[in-house]
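Have a look at the structure below before the remarks.
The values are calculated or read from the model by the stated rules, or taken from the named source; none is laboratory data. Computed from a prediction, not measured in an experiment: that's the story for all the values here. Positions of Cβ are generated from backbone atoms using ideal geometry, with glycine treated the same way; all protein chains shown enter the neighbour counts. Just the protein is used for accessible areas: all its heavy atoms, side chains included, with ligands, DNA and RNA removed. Shrake-Rupley method; radii C 1.70, N 1.55, O 1.52, S 1.80 Å.
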Amino acid sequence: MTTSFFGLDQKITFEGADSSNPFAFKHYDPDEMVFGKRLEDQLRFAICYWHSFGWPGNDPFGGETFERPWFASHWDRAKGDAMDAAKLKADVAFEMFSLLGTPFFCFHDADVRPEGTSFAENTRNLQEITDYFQEKMEATKVKLLWGTANLFSHRRYMSGGATNPDPDVFAFAAATVKTCLDSTKQLGGANYVLWGGREGYETLLNTAIDHEMDQMGRFLNMVVDYKHKIGFEGTILIEPKPQEPTKHQYDFDVATVYGFLKRYGLDAEIKVNIEQGHAILAGHSFEHELALANALGIFGSIDMNRNDYQSGWDTDQFPNNVAEVALAYYQILGHGGFENGGTNFDAKLRRQSIDPQDLLLAHIGGMDVCARGLKAAAAMLEDGSLQQNLVDRYVGWESDFGGEIMDGQYGLDSLANKVLAENINPDPVSGKQEYLENIVNRFV
Ligand code: 3MF
Ligand code: MG
């Protein structure tokens, strides 16, 4: 069904920085060539289903503020059952994807289908919506960046999915991931994400960490085996987060996930989906997590949503800081840009932003901020001064002596002998941080 939920009869287009039209892009021109590609193909924007169409605006102190006709509290039963409500939600979602011209979307099973009373009913409901999506995707050319299973909202998962003390919950979670992988494959998804929302613990008094880690290792090996069995060609991604909802989560940050993948023989199979806000919660910068993932060969995709720096929890806000975003895209573009990954807005409105058009304005702003950031990153790379400084700083390692050290031709004792014999006594060299920060400032 074609809906007119947003009351806009024209697609949002690029009008340039001088435009004052709130429903136009000021910086995001999908066709602009930036660093060798169309901007749309560099950024690969995705809209998340859950925050945009599933979240009712509740917080710990109050309930629903958004009044969406597909919410159970507003659904007109004369118009049909829960599946009809889910289809209306899908119609509105695709109306928004088309208005904004975002090439991708992302979803959890629980965002898109009515919750059943059994695994069989969940699976039937998911299949019906998957078929419905398929028709809409063919009609609109919108693609799936990733699918995922929600293994954290239902009460059965309160003590974890893969890391639950009860093997029946593990089995239910595994069966659910199977159906979500099937659905993602049917829809041609570029990736499949696993965020371990409840894969962690509240207290060690009731938790066997060693067993839970082995369970998670087994679970992920099953995911990878099944991916190959059905010929799913997308990338499997883990999304690190240090805490919230559990006090301590196993996928704490990129370094922790890498150690886990190594231990369970999965480092060639699984990459990471890095979220800006999660990086900050882990005590890192976003660009640290991106640089590390690239260095370890496991960079996959990003969730481009920030937190509030004062509140200290995961507020999932749209990006609004061009300088920060530029440094993130500098790491991504500098390592070749996205392959299967993209820029997903895992972001939600503030709960007072109750008008449907607020959803459009939020995404327009986020897309413009990312476009400016990515263009600044491209300009920094094209200028080349930052990379040149890096080359110069490590040039000593290009010498014969540097090469011999790295090749393992010295031990501590032979190196000590050389330092003694040649009276090696290095002069410290400036790290030039302020000089480099001033270069960045030319571009943002
Ligand atoms: C939580 C998140 C998640 C993940 C998503 C992927 C609900 O902080 O970021 O959003 O992105 O669940 O499975
Ligand atoms: Mg996320």
**Message:** Can you tell me how the chain classifies by the Cα gyration tensor, rounded, prolate or oblate, using a/c under 1.5 as the rounded cut?
**Reply:** oblate
**Complete:** The long-range amide H neighbours of Leu194, using H built 1.01 Å from N in the peptide plane and a cut-off of under 5 Å, are Leu237, Ile238, Glu239
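Quick check for me: using +1 on Lys/Arg Cβ and -1 on Asp/Glu Cβ, what's the dipole size of the chain about its Cα centre, in debye to the nearest 20? Each step should come with its number before you reach the end.
Values: 38 positive and 65 negative charges, 168 e Å.
Charge dipole of the chain: 800 debye, to the nearest 20.
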**Lys178, Lys227, Lys26, Lys79, ranked by accessible area, largest first (probe 1.4 Å)** = Lys79, Lys178, Lys26, Lys227
**Fill in**
In whole Hz, the Karplus estimates of ³J(HN,Hα) for the stretch 67-79 (6.51, -1.76, 1.60; θ = phi - 60°; x where Gly or Pro) are 10, 9, x, 8, 5, 3, 5, 10, 6, 7, 4, 5, 8
**Part-to-part distance (alpha-carbon centres) for the stretch 321-351 and the stretch 120-165, which is given in Å** = 24 Å
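Would you mind getting the accessible area per residue of the chain, heavy atoms of the protein chains only, 1.4 Å probe, in Å²? Walk me through the numbers on the way to the answer.
On the way: 21150 Å² over 444 residues.
That works out to 48 Å² per residue.
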**Request:** Convert each backbone phi in the stretch 424-429 into a coupling constant with the Karplus relation 6.51 cos²θ - 1.76 cosθ + 1.60 (shift: θ = phi - 60°), then list the ³J(HN,Hα) values in order as whole Hz, x for Gly and Pro.
**Result:** 5, 8, x, 8, x, 10
**Complete:** Probe 1.4 Å, all chains present, heavy atoms only: Glu32 accessible area in Å², nearest 10, is 60 Å²
**Message:** On a full-extension model of 0.36 nm per residue, what is the gain between Glu32 and Asp383, subtracting their alpha-carbon distance, rounded to one decimal in nm?
**Reply:** 124.5 nm
**Fill in**
Sorted by chain and number, the residues with a modelled amide H under 5 Å from that of Thr13, at a separation of 5 or more or across chains, are Phe25
**Request:** Work out from phi, with θ = phi - 60° and the Karplus expression 6.51 cos²θ - 1.76 cosθ + 1.60, the ³J(HN,Hα) of each residue of the stretch 56-62, listed in order in whole Hz, and give x for Gly and Pro.
**Result:** x, x, 6, 9, x, 10, x
**Item:** Computed lengthening from Asp413 to Arg77, 0.36 nm per intervening residue step minus Cα-Cα distance
**Value:** 112.8 nm
**Prompt:** Which percent of the accessible heavy-atom area of the chain goes to carbon and sulfur, probe 1.4 angstrom?
**Reply:** 52 percent
**Item:** Cα-based shape type of the stretch 66-196, given that a ≥ b ≥ c are square roots of the gyration tensor eigenvalues and the cut on a/c is 1.5
**Value:** oblate
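Which helices, counted as full DSSP H runs in the chain, have an axial Cα extent of no less than 24 Å and a Kyte-Doolittle average of 0.5 or above?
Values: long enough: 82-100 (27 Å, 0.78); 119-140 (31 Å, -1.09); 167-186 (28 Å, 0.24); 209-230 (32 Å, -0.53); 356-383 (41 Å, 0.46).
Those that clear 24 Å and a mean of 0.5 are 82-100.
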